[in-house]
Amino acid sequence: MLTETTDLQSELPPLVAQFASSPRGARLARQLAVRHLEERGYPPASDASCAVALVVAELAANAVLHGRVPGHDFGLRVALDPVAGLVRVEVADAASTKRPPANPPSSAPEGESGRGLLLVDTLAVRWGSAPRHPLGKTVWAEVSIARPTVGIET
């Protein structure tokens, strides 16, 4: 079947993967997101890659810590839209009742936790969550990026 030719950059396939709901799964999700961006011209040390890595790490860690349901993995989707200058990160877990707050919680400077969503709020243009059917939720964030400094490979 033939389709109309469009801008190749807007047609880049997203990264879609499932991970065990464990610290190792969260770490692998971050590493795979960095590799995905590197394949699209964003080196691991670039601002775009570092920002997306931190957002993936925080959302994946939250899915493991707060969204874990025994027997269920968490999902990651990373979609790059260089034309719009955005990377959309989505992390889906099986916990329907545990949704993130509408605004990031304030955290005491000496607290040992509670800064993850503050970090996401700082790095993302916007973020939020949505129910996932039939089970769970998806927490998403959109990170602003500049054009890659090297060519895009497909």
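Show log10 I(q)/I(0) for the stretch 10-51 at q = 0.16, 0.29, 0.34 Å⁻¹, two decimals, from a solvent-free Debye sum over equal Cα scatterers. The Debye formula, applied to the Cα set alone, gives -0.45, -1.01, -1.12.
At a probe radius of 1.4 angstrom, the accessible area of the stretch 12-108 per residue rounds to 48 square angstrom. Subtracting the Cα-Cα distance of D121 and R147 from 0.36 nm times their residue separation leaves 7.2 nm of extension gain. The alpha carbon radius of gyration of the stretch 36-96, expressed as a multiple of 2.2 N^0.38 Å, is 1.25. Subtracting the Cα-Cα distance of L86 and A20 from their residue separation scaled by 0.36 nm leaves 21.1 nm.
Note on H133 and L32: with the Förster distance fixed at 30 Å, the Cβ-Cβ geometry gives a FRET efficiency of about 0.75.
The values are calculated or read from the model by the stated rules, or taken from the named source; none is laboratory data. This structure is a prediction, so every number in the text was calculated from the model and none was measured. Methodologically, a virtual Cβ is constructed for each residue, glycine included, from the backbone with ideal geometry; neighbour enumeration extends over all protein chains shown. Calculation scope for accessible area: heavy atoms of the full protein, side chains included, ligands and nucleic acids excluded. Shrake-Rupley method; radii C 1.70, N 1.55, O 1.52, S 1.80 Å.
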